[in-house]
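First the structure, in the form of structure tokens, and then the observations on it.
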Amino acid sequence: MSNQPLCRMALGLGLVALASGSVLAGPVQTFHWMDGDPGTVDQRGGRINWIETEFDSDNQTLRWTGNFGNHTRLRTDGFTLAISGGSSPKHAAGDVALFYFDSNYGPASSPLDQPVLTAYTYNGNVDMYTATSYMDGSGATGTQDPDPIASSAVPGANDWVEDLFFRAEADGSRTMGFEIDVSSIIGHTPLHPASNWTGTGFGEEIGMWMQTYTNLNTDYEDGYVTGWNSGFSGSLELGNMQTAADPVPEPATLTLFGLGAAGFFGRRLRRRKQDAQDHA
């Protein structure tokens with residue numbers, strides 16, 4: 001068989017792969033919120049300027065970024081966050097994880113260079129100043145046994161965290177967030193099972209319950225929270241908000257397209273060489 005039919009075959013395979021929806025990986029869902037968009041907002045924990053989040057269901061990775069405050073005295077030091085794939089998780093005790101993002105990790109005498117992120121089974125507590133999911137994973141009356149899931153502050157057990165960041169911006173606001181592998185959180189078996197454990201993540205819809213904190217004071221033991229207190233607290237509650245989807249080509253698709261493109265350009269190069277020889 002000559003090279004030209006092979007080139008045509010490779011190019012055809014590449015184009016067919018691009019045209020076929022079956023060679024697209026599951027969509028990466030994204031969601032953007034800005035102050036003024038729909039949602040129930042309380043700005044007492046520092047102004048919530050914008051939120052951006054992305055969830056890759058195939059790779060089970062979650063990225064979340066928020067920007068808070070301005071030049072006012074209300075400086076956001078951290079937040080708690082629960083995410084669902086539909087209605088607001090504000091009271092979803094035992095169904096979702098609650099993340100604690102602390103930019104002031106550890107005692108004031110020996111702070112770490114980066115923030116810490118911990119995750120617990122959410123007990124449905126919505127106290128505006130003191131979050132207690134870390135000490136009680138159950139929605140039952142009274143204090144039950146805690147259900148810690150993961151902590152970036154536990155040596156040798158923080159490979160679920162890809163990135164943690166906290167920075168002060170030129171306008172006086174603060175940007176903070178994380179990128180994490182949530183497979184262990186989604187696969188977690190709650191100590192106090194509820195109706196439907198989803199852990200975290202979202203699809204075509206998102207629900208979010210976030211509380212923001214100023215003058216945050218925290219305590220830890222073995223990498224997990226034992227005290228979480230603040231001067232002021234605010235919140236953002238969203239439910240059944242539409243997300244956007246970005247389909248991601250699978251590696252096989254890119255390979256086939258590369259073969260087709262290589263065949264196409266190789267054929268053009270041979271034609272040019274032949275034309276040059278014919279005119280020599």
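The values are calculated or read from the model by the stated rules, or taken from the named source; none is laboratory data. None of these values were measured; they are calculated from a predicted model. Positions of Cβ are backbone-derived with ideal geometry, glycine not excepted, and every protein chain shown enters the neighbour counts.
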- Message: Name the residue that is modelled with the lowest pLDDT, counting only residues in region 193-209 that are in contact with an Asp or Glu (Cβ under 8 Å, 6 or more places away or on another chain) and surrounded by 14 or more Cβ atoms within 10 Å (Cβ to Cβ).
- Response: ALA194
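Yes/no matrix, rows are residues, columns are (1) of a type outside the set (D, E, K, R); (2) out of contact with any Phe, Trp or Tyr (no Cβ under 9 Å at 6 or more places or on another chain); (3) within 23 Å of SER233 (Cα to Cα); (4) surrounded by 16 or more Cβ atoms within 10 Å (Cβ to Cβ):
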residue: LYS90; (1), (2), (3), (4): no, no, yes, yes
residue: TYR120; (1), (2), (3), (4): yes, no, yes, yes
residue: ASP127; (1), (2), (3), (4): no, yes, yes, no
residue: SER152; (1), (2), (3), (4): yes, no, no, yes
residue: LEU164; (1), (2), (3), (4): yes, no, yes, yes
residue: SER173; (1), (2), (3), (4): yes, no, yes, yes
residue: MET176; (1), (2), (3), (4): yes, no, yes, yes
- In region 171-184, is there at least one residue being touching a helix residue (DSSP H, G or I) at 6+ places or on another chain (Cβ under 9 Å) and of a type outside the set (Lys, Arg)? no
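Each row is one residue, and each column tells you yes or no for (1) part of a strand (DSSP E or B); (2) under 23 Å from ASN229 (Cα atoms); (3) of a type in the set (D, E, K, R); (4) assigned by TED's automatic domain parsing to the domain that holds LEU216.
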site: GLN29; (1), (2), (3), (4): yes, no, no, no
site: THR53; (1), (2), (3), (4): yes, no, no, yes
site: ASN59; (1), (2), (3), (4): no, no, no, yes
site: ASN67; (1), (2), (3), (4): yes, yes, no, yes
site: ASN70; (1), (2), (3), (4): no, yes, no, yes
site: LEU74; (1), (2), (3), (4): no, yes, no, yes
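For every residue, the table says whether it meets (1) at pLDDT 90 or above; (2) of a type outside the set (Ser, Thr, Tyr).
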residue	(1), (2)
GLN211	yes, yes
LEU216	yes, yes
TYR224	yes, no
SER235	yes, no
ALA244	yes, yes
VAL248	no, yes
PHE257	no, yes
GLY266	no, yes
HIS279	no, yes
- Query: SER57: farther than 15 Å from GLY234 by Cβ, of a type outside the set (Val, Ile, Thr) and at pLDDT below 90, yes or no?
  - Reply: no
- Item | Unmet requirement for SER173, which otherwise passes all of (1) touching a residue at least 60 places away in the same chain (Cβ under 8 Å); (2) more than 20 Å from the chain's Cα centre (by Cα); (3) over 17 Å from MET210 (Cβ atoms) | (3)
- Message: Give all pairs with beta carbons closer than 9 Å in which a residue from region 186-197 that is over 20 Å from THR143 (Cβ atoms) meets a residue that is surrounded by fewer than 17 Cβ atoms within 10 Å (Cβ to Cβ); count only pairs at least 6 apart in sequence or on separate chains.
- Response: TRP197/ILE186; TRP197/THR189
- Task: State whether the residues of region 19-27 include one that is surrounded by 15 or more Cβ atoms within 10 Å (Cβ to Cβ), modelled with pLDDT of 60 or more, closer than 30 Å to MET176 by Cβ and not assigned by TED's automatic domain parsing to the domain that holds ARG63.
- Result: yes
- Single residue of region 31-43 satisfying the filter (without any contact (Cβ under 8 Å) to a residue 24 or more places away in the chain and either of a type in the set (Lys, Arg) or outside any strand (DSSP E or B) (or both)) that is farthest from SER57 (Cα to Cα): GLY36
- Message: Going by what's in this entry, would THR118 be described as at pLDDT below 90, more than 15 Å from GLY201 (Cβ to Cβ) and of a type outside the set (D, E, K, R)?
- Response: no
- Can you name the number of the only condition in (1) at pLDDT below 95; (2) surrounded by fewer than 24 Cβ atoms within 10 Å (Cβ to Cβ) that GLY85 fails? (1)
- Item | Residue pairs meeting the criteria (Cβ under 9 Å; at least 6 apart or on separate chains; first closer than 15 Å to TYR120 by Cα and assigned to a loop (DSSP other than H, G, I, E, B), in region 87-99; second of a type in the set (Val, Ile, Thr) and modelled with pLDDT under 95) | LYS90/VAL126; HIS91/VAL126
